[in-house]
Amino acid sequence: MRFSGTSALIRLRALWMKELLALVRDRHGLAALFVMPAIFILVMSLALADAFSERQNTAIGYGVLDLDGSRSAQRLETQLATVDLIDEYGPLPDEATARARVAAGAMAFVVVIPPGFGAQLAANQTPHLRLLADPTIPLMVRNGFRQRVAAEATRLRLERVLERVGVSLMIPELRQIVERAGPPEIAVEPVGHDDGGQAIAPSAVQQNVPAWLIFSMFFVVIPLSAVFIGERERGTLQRLAAQRVSFGLVLAGKFVPFVLVNQVQAVVMVGVGRWVVPLCGGEALRLPDAAGALLALWLVSLAVSVAAVGWALLIASIARSSEQATVIGGVGNILMGAIGGIMVPKFVMPLAMQPWTQVSPMSWALDGFHQVMLRHGGIGDSLPACAALVCFGLAALAAAFVLNRRGNP
């Protein structure tokens with residue numbers, strides 16, 4: 001596939017202009033790319049606002065960092081392990097490890113038992129604990145676990161009372177505990193990456209804007225396949241081949257304009273979440289302030305575009321008609337969205353199902369957005385998701401190239 005640089009650039013520009021004009025004329029395709037996701041973001045953000053603020057505790061995991069080493073601290077860890085709905089990941093060696101595990105999303109919480117915890121219980125003083133929390137866990141889930149820890153700490157205090165005064169003096173001693181000490185104090189700290197920003201918990205809009213943005217980007221398969229298959233049926237691709245326009249150049253001519261369209265989608269959908277949703281009574285989308293974080297968001301968006309357009313070109317190469325492309329691409333997108341946490345957030349799925357989310361490229365994309373938007377990650381933190389998405393897109397693009405070469409020797 002050899003061609004002169006100047007001639008190829010002129011042809012490539014002409015192909016880009018042709019694709020943009022074809023897309024502008026495709027009203028149904030534009031509706032699928034812009035109107036549909038905007039409505040989804042608006043409706044789902046408003047409809048699920050209460051669900052995200054009042055969700056009951058689901059299967060989550062936690063670790064324990066015991067800095068006290070007392071019998072009371074060990075007893076607290078044992079009692080927490082008896083809670084069926086919470087998976088215990090065991091003790092952690094130090095706070096740096098604990099923070100890293102939470103920031104990476106490896107566990108939802110870390111219960112930090114500070115030095116002197118056992119002595120506070122022995123002296124009938126208010127025990128102080130800390131709870132390191134993943135900011136992607138909803139507020140009510142976090143509060144539910146915090147209350148569970150507080151209840152177990154209170155139970156420990158009552159056990160110490162029984163050891164000191166015996167059952168016969170239990171009632172007056174309980175009254176003294178309530179009057180003198182009060183409930184245990186547990187400081188909750190959302191843990192993100194160490195960039196000085198405050199990690200935030202997901203609201204409905206924080207979940208739905210990136211989720212439906214990803215979903216809409218992959219729906220570029222509908223207008224792209226319509227243009228591609230229409231050109232094949234009208235003989236446009238054959239005429240381009242007769243003019244020595246390589247198929248690689250044809251793919252490049254379609255790739256760049258639709259990646260650009262995806263980026264326009266990203267700007268529009270973020271605008272809907274930031275300004276339109278609040279006008280309708282919902283919460284505004286919050287974005288990081290740091291320039292590096294905004295650049296990381298754009299890189300994730302660009303990587304999603306590469307994956308989405310590569311996937312769309314593969315579907316267009318496989319399908320023999322626009323109807324086939326719509327069915328194959330639409331069903332494929334729905335399956336990837338259902339598995340990848342777009343339609344149902346991953347943290348409410350059963351634990352046995354959560355590893356399967358990594359099969360879907362949409363899951364990688366959502367993880368990349370959440371690393372930046374919720375955990376205040378930077379470019380380095382978003383690179384694994386970006387690399388996976390780009391590799392997926394390039395693999396799909398290579399498969400499309402091979403399939404079309406076999407069909408057009």
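Throughout, read-outs are computed from the coordinates displayed, never taken from laboratory work. On a predicted model such as this, the values are computed, not experimentally measured, just so you know. In this analysis, Cβ positions are derived from the backbone assuming ideal geometry, glycine residues included, and neighbour counts consider all displayed protein chains.
Here are some notes:
- Mean separation of Cα contacts under 8 Å, 6 or more apart, over the residue count of segment 287-409: relative contact order %: 41 percent
- Measuring between their Cα centroids, segment 351-409 and segment 280-313 lie 13 Å from each other.
- The order of the peptides 114-127, 221-234 by mean Cβ neighbours within 10 Å, most packed first, is 221-234, 114-127.
- Segment 298-394 shape via C-alpha gyration tensor axes, a/c threshold 1.5: oblate
- Tensor-based shape of segment 223-330 (alpha-carbon gyration tensor, a/c under 1.5 rounded, otherwise prolate or oblate): prolate
- Long-range HN-HN contacts of Gly61 with modeled amide H, under 5 Å: Asp87, Ala108, Phe109
- Put a dot 7 Å past the Cα of Glu323, heading toward its Cβ, do the same for Leu21, and the two dots end up 3.0 nm apart.
- Computed E for Cys280/Arg239 - FRET, C-beta separation, R0 35 angstrom, nearest 0.05: 0.10
- Amide N of segment 105-133 lying under 17 Å from the label point, which is placed 7 angstrom from the Cα of Leu351 along Cα→Cβ: 105-111
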